[in-house]
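Asker: The structure is given below, and queries will be raised subsequently.
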Amino acid sequence: DQQVKQNSPSLSVQEGRISILNCDYTNSMFDYFLWYKKYPAEGPTFLISISSIKDKNEDGRFTVFLNKSAKHLSLHIVPSQPGDSAVYFCAAISNFGNEKLTFGTGTRLTIIP
Amino acid sequence: NAGVTQTPKFRVLKTGQSMTLLCAQDMNHEYMYWYRQDPGMGLRLIHYSVGEGTTAKGEVPDGYNVSRLKKQNFLLGLESAAPSQTSVYFCASRRSGGGTEAFFGQGTRLTVV
C-alpha cells in the first residue's frame, strides 16, 4: 500500500524556467511533509518541509504547496538551475503514532541548459 | 561532525551468507531508520527505531533483523542473504519532535550473487 505517491518518474525543464514536482498521499494522519534531493552515489539531503496546518512554505528558490483536501503537495523550483538535476523524493511523517518516515518513489528532474 | 556513517560502503555476498550493516550517528538523535532503494521503487522502509532498545517493522521487513543496543548505533542484519536483497541500503536519523528532518548516510551497495 503506497501511502505516498509520485506519479511522474521523470521531468525535463529548461534552465531558468519553473520546475514543478508533484506528490499525492493517502493517509490523512500525516503531520509533516518533506522534500529530499538525491544525487547519484550519495544519500538524500533535506530540501524543505511543510506542516499539515500550513498551505505554503518558501525557502529561496524552493516553495512547497500543500492542498489537504486533495491530499496533494507540490515543490516549485524557480528559476531552475543545472545543479538542480537530481532525483527528488517526497516524504511524510505521522508524529502521533509511530514516527514512521514514509517516502515516495521519486521523480528524476533534468534541467536542460 | 561526521553525522551519519554507514559501514561498509560496498559488499558482495554469496546466497545464504550473513552480514551486518552498521549505522552510527553522532547527533544524539532518538529516531533511526533503515531503507532500501531499488530502481522504480523509491526508498522503502525496512525497520526503524524510536529509541534505544526499541525497534519496529517498516514496509519490507522480511529477511532482515535489527538491533538498537546503543542510542548512537542501529544495526541491520541479513541472516541468510538472497539475490532479492541486492540493493542500496540507506540509514537515517532524526531528533524527536515535529517535522524534524532526517539525516542520511552515504549508503551501502550490497550485491548478493
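Asker: Identify the residue in segment B:87-113 that is within 17 Å of the chain's Cα centre (by Cα) and among the β-branched types (V, I, T) and, among all such residues, is farthest from B:T5 (Cα to Cα).
Answerer: B:V112
Asker: State which residue is farthest from A:E42 (Cα to Cα) when the search covers only segment B:95-108 and only residues that are part of a strand (DSSP E or B) and more than 7 Å from chain A (Cβ to nearest Cβ). Reasoning before the result, please.
Answerer: So the first thing to find is which residues in segment B:95-108 are part of a strand (DSSP E or B), and the list is B:103-104, B:108.
Now narrow it down to the ones that are more than 7 Å from chain A (Cβ to nearest Cβ): B:103, B:108.
Details: B:F103: 12, B:T108: 10 Å.
Per the stated criteria, the residue is B:F103.
Asker: Okay, next question. Going by the structure shown, is A:F96 among the aromatic types (F, W, Y), in contact (Cβ under 8 Å) with a residue 60 or more places away in the chain, within 14 Å of chain B (Cβ to nearest Cβ) and within 24 Å of A:E15 (Cα to Cα)? Show your work before the answer.
Answerer: Numbers: among the aromatic types (F, W, Y): yes; in contact (Cβ under 8 Å) with a residue 60 or more places away in the chain: yes; within 14 Å of chain B (Cβ to nearest Cβ): yes; within 24 Å of A:E15 (Cα to Cα): no.
Judged against the criteria, A:F96 is not a match.
Asker: Which residues, taken from segment B:26-37, are more than 10 Å from chain A (Cβ to nearest Cβ) and either closer than 21 Å to B:R95 by Cβ or surrounded by fewer than 18 Cβ atoms within 10 Å (Cβ to Cβ) (or both)? Explain how you work it out, then say what you get.
Answerer: Quick first cut of segment B:26-37, residues more than 10 Å from chain A (Cβ to nearest Cβ) only: B:26-29, B:32, B:34, B:36.
Matches in segment B:26-37: B:D26, B:M27, B:N28, B:H29, B:M32, B:W34.
Asker: Determine, yes or no, whether B:L45 is among the hydrophobic types (A, V, I, L, M, F, W, C) and over 30 Å from A:T107 (Cβ atoms). Even if it seems obvious, please write down each step before you answer.
Answerer: Numbers: among the hydrophobic types (A, V, I, L, M, F, W, C): yes; over 30 Å from A:T107 (Cβ atoms): no.
Answer is no for this residue.
Asker: Looking at segment B:71-86 only, could you name the residues that are more than 14 Å from chain A (Cβ to nearest Cβ), surrounded by 21 or more Cβ atoms within 10 Å (Cβ to Cβ) and within 10 Å of the chain's Cα centre (by Cα)?
Answerer: B:L76, the sole residue that qualifies.
Asker: Follow-up. Of the residues that sit in segment A:102-113 and are part of a strand (DSSP E or B) and over 23 Å from A:E58 (Cβ atoms), which one is farthest from the other protein chains (Cβ to nearest Cβ)?
Answerer: Residues of segment A:102-113 part of a strand (DSSP E or B): A:102-103, A:107-112.
Now restrict to residues that are over 23 Å from A:E58 (Cβ atoms): A:102, A:108, A:110, A:112.
Working: A:T102: 7, A:R108: 11, A:T110: 17, A:I112: 23 Å.
Within segment A:102-113, the match that is farthest from the other protein chains (Cβ to nearest Cβ) is A:I112.
Coordinate-derived values only; no laboratory data. Everything quoted here is computed from the prediction, not taken from an experiment. Reconstructed Cβ throughout: ideal geometry from the backbone, glycine too, with neighbour counts over all protein chains shown.
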